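Enquirer: Starting off with a structure, shown below.
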Amino acid sequence: MEVVIVAEARAIGPVVVDAVAALIARSGAPVLGLATGSSPAPVYDELAARVAAGTLSLAGARGFLLDEYVGLAPTHPASYRATIEAELVARTDLPTGAVTGPDGTAADLAAAGPAYDAAIAAAGGIDLQLLGVGSDGHIGFNEPTSSLGSRTRVKTLTARTRADNARFFGADPDAVPRHVLTQGIATILAARHLVLVASGTGKAAAVSATVEGPVTAFVPASALQLHPHVTVVVDEAAAGGLALADYYRATYADKPPWQGV
Ligand code: F6R
């Protein structure tokens with residue numbers, strides 16, 4: 001696992017988008033795993049800036065959402081489908097038809113999870129999966145005690161996550177859906193490169209548990225320690241709990257520029 005510590009949240013964007021650009025240069029038609037929420041905003045801002053500048057194109061890319069709320073229509077402004085349309089599709093040349101998400105309105109929710117995993121597999125798997133981390137250590141919406149072997153399925157949000165996400169629902173935790181369809185931890189670990197981004201002091205404990213704590217279902221993001229290619233990009237505030245922060249800084253500073261992340 002590589003940990004990259006940057007001065008401030010907006011500096012997360014260029015580090016991650018350099019990796020996306022290198023992937024596009026290699027494959028031309030990458031499959032991107034797309035997180036929503038606040039953490040990826042610097043990444044989507046940087047992607048939009050480079051597409052506007054003509055230095056990058058997502059025209060050949062495909063995207064798969066990490067998760068979706070159960071019961072929210074894709075047109076609901078807080079749905080993750082609508083969020084990614086606004087944050088990424090509308091601001092870049094990523095075709096809207098190239099983004100797929102779990103169907104949170106499916107009549108058969110039990111079947112929707114395996115169908116989503118099958119769609120990812122049919123696309124050749126995810127090349128680069130962007131992740132945030134919840135203050136309770138969740139990735140996707142795999143809340144604490146989620147099986148490390150889980151695949152896409154329905155999960156119940158914790159009260160803490162619903163409180164954290166109330167800002168997207170008029171500051172009312174009761175308006176946040178209780179259930180979600182989320183990629184499982186094993187689904188996430190099947191992606192070829194995992195990139196977790198976090199900023200702010202509110203994420204410091206979750207980041208240190210993810211990177212330096214034991215692998216445990218109680219901190220689902222700690223499962224990233226099992227993956228051979230993980231990049232954690234955090235600002236100084238989110239890095240505040242890392243015991244080996246100086247080591248991570250020195251390691252990154254000594255990397256040759258061609259190596260990337
Ligand atoms: C979002 C997702 C979640 C968020 C996490 C952090 O698609 O899967 O795991 O990444 O809840 O959310 P923010 O970034 O809003 O703090």
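The values are calculated or read from the model by the stated rules, or taken from the named source; none is laboratory data. Keep in mind the model is a prediction, meaning the values are calculated, not measured. Positions of Cβ are backbone-derived with ideal geometry, glycine not excepted, and every protein chain shown enters the neighbour counts.
Enquirer: Considering each residue of the stretch 226-261, count those that are loosely packed, with under 15 Cβ neighbours inside 10 Å and either assigned to a helix (DSSP H, G or I) or without any contact (Cβ under 8 Å) to a residue 12 or more places away in the chain (or both), and give that number.
Expert: Qualifying residue count, the stretch 226-261: 13.
Enquirer: For the stretch 192-207, name all the residues that are of a type outside the set (A, V, I, L, M, F, W, C) and either farther than 19 Å from Pro228 by Cα or in a strand (DSSP E or B) (or both).
Expert: Matches in the stretch 192-207: His193, Ser199, Gly200, Thr201, Gly202, Lys203.
Enquirer: Right, another one. Out of Thr210, Thr156, report the one residue that is of a type in the set (Val, Ile, Thr), closer than 30 Å to Ala123 by Cβ and touching a helix residue (DSSP H, G or I) at 6+ places or on another chain (Cβ under 8 Å).
Expert: Residue meeting the stated conditions: Thr210.
Enquirer: Just wondering, is there one or more residues in the stretch 103-117 that are at pLDDT 95 or above, of a type in the set (A, V, I, L, M, F, W, C) and within 16 Å of the ligand (Cβ to nearest atom)?
Expert: Looking through the stretch 103-117, none of the residues is at pLDDT 95 or above, of a type in the set (A, V, I, L, M, F, W, C) and within 16 Å of the ligand (Cβ to nearest atom).
Enquirer: Still on this model: In the stretch 167-210, how many are more than 16 Å from the chain's Cα centre (by Cα) and among the β-branched types (Val, Ile, Thr)?
Expert: Qualifying residue count for the region: 2.
Enquirer: Further question on the same structure: Is it the case that Gly71 is over 25 Å from Val230 (Cα atoms), in contact with a Gly (Cβ under 7 Å, 6 or more places away or on another chain), more than 16 Å from the ligand (Cβ to nearest atom) and in contact (Cβ under 8 Å) with a residue 40 or more places away in the chain?
Expert: yes
Enquirer: Can you tell me which residues in the stretch 137-171 are of a type in the set (A, V, I, L, M, F, W, C), within 25 Å of Val211 (Cβ to Cβ) and away from the ligand (no atom under 14 Å from the Cβ)?
Expert: Within the stretch 137-171, Leu148 is the sole residue that qualifies.
Enquirer: With the checklist (1) surrounded by 18 or more Cβ atoms within 10 Å (Cβ to Cβ); (2) within 14 Å of the ligand (Cβ to nearest atom) in hand, flag the one item Ala78 doesn't pass.
Expert: So the condition that Ala78 fails would be (1).
Enquirer: In the stretch 33-47, how many are under 13 Å from Gly63 (Cα atoms) and away from the ligand (no atom under 14 Å from the Cβ)?
Expert: Adding up the residues that qualify gives 0.
Enquirer: Restricting to the stretch 5-18, name every residue that is buried (at least 20 other Cβ atoms within 10 Å of the Cβ) and either free of Cβ contacts under 8 Å to residues at least 60 places away in the same chain or closer than 23 Å to Arg192 by Cβ (or both).
Expert: Once the filter is applied, which keeps residues that are buried (at least 20 other Cβ atoms within 10 Å of the Cβ) and either free of Cβ contacts under 8 Å to residues at least 60 places away in the same chain or closer than 23 Å to Arg192 by Cβ (or both), the stretch 5-18 yields Ile12, Gly13, Val15, Val16, Val17.
Enquirer: Would the stretch 48-61 turn up any residue that is closer than 24 Å to Val133 by Cβ, away from the ligand (no atom under 16 Å from the Cβ) and touching a Lys or Arg at 6+ places or on another chain (Cβ under 9 Å)?
Expert: Within the stretch 48-61, one or more residues are closer than 24 Å to Val133 by Cβ, away from the ligand (no atom under 16 Å from the Cβ) and touching a Lys or Arg at 6+ places or on another chain (Cβ under 9 Å).
Enquirer: Quick check on the stretch 241-260. Is at least one of its residues of a type in the set (Gly, Ala, Ser) and closer than 21 Å to Phe141 by Cβ?
Expert: Among the residues of the stretch 241-260, not one is of a type in the set (Gly, Ala, Ser) and closer than 21 Å to Phe141 by Cβ, which makes the answer no.
Enquirer: Every residue in the stretch 141-166 that is surrounded by 15 or more Cβ atoms within 10 Å (Cβ to Cβ), β-branched (Val, Ile, Thr) and over 17 Å from the mean Cα position of the chain (by Cα), please. Outline the logic, then answer.
Expert: Start the filter on the stretch 141-166 by keeping residues that are surrounded by 15 or more Cβ atoms within 10 Å (Cβ to Cβ), which leaves 141-144, 146, 148, 150-155, 157-158, 160-162, 164-166.
Next cut, β-branched (Val, Ile, Thr) only: 152, 154, 158, 161.
Correct list: Val154, Thr158.
Enquirer: Taking the condition within 15 Å of the ligand (Cβ to nearest atom) and among the acidic types (Asp, Glu), does Asp174 pass?
Expert: no
Enquirer: When you scan the stretch 155-179, how many residues do you find that are out of contact with any Ser or Thr (no Cβ under 8 Å at 6 or more places or on another chain) and assigned to a strand (DSSP E or B)?
Expert: So the count comes out to 1.
Enquirer: Same structure, new question: Cβ-Cβ below 9 Å, separation at least six or inter-chain, first residue in the stretch 104-129 and more than 10 Å from Thr152 (Cα to Cα) and part of a helix (DSSP H, G or I), second at pLDDT 95 or above and among the hydroxyl-bearing types (Ser, Thr, Tyr): which pairs?
Expert: Taking only residues 6 or more apart or on different chains, the pairs are Ala119/Thr100; Ile120/Thr100; Ile120/Thr152; Ile120/Thr187.
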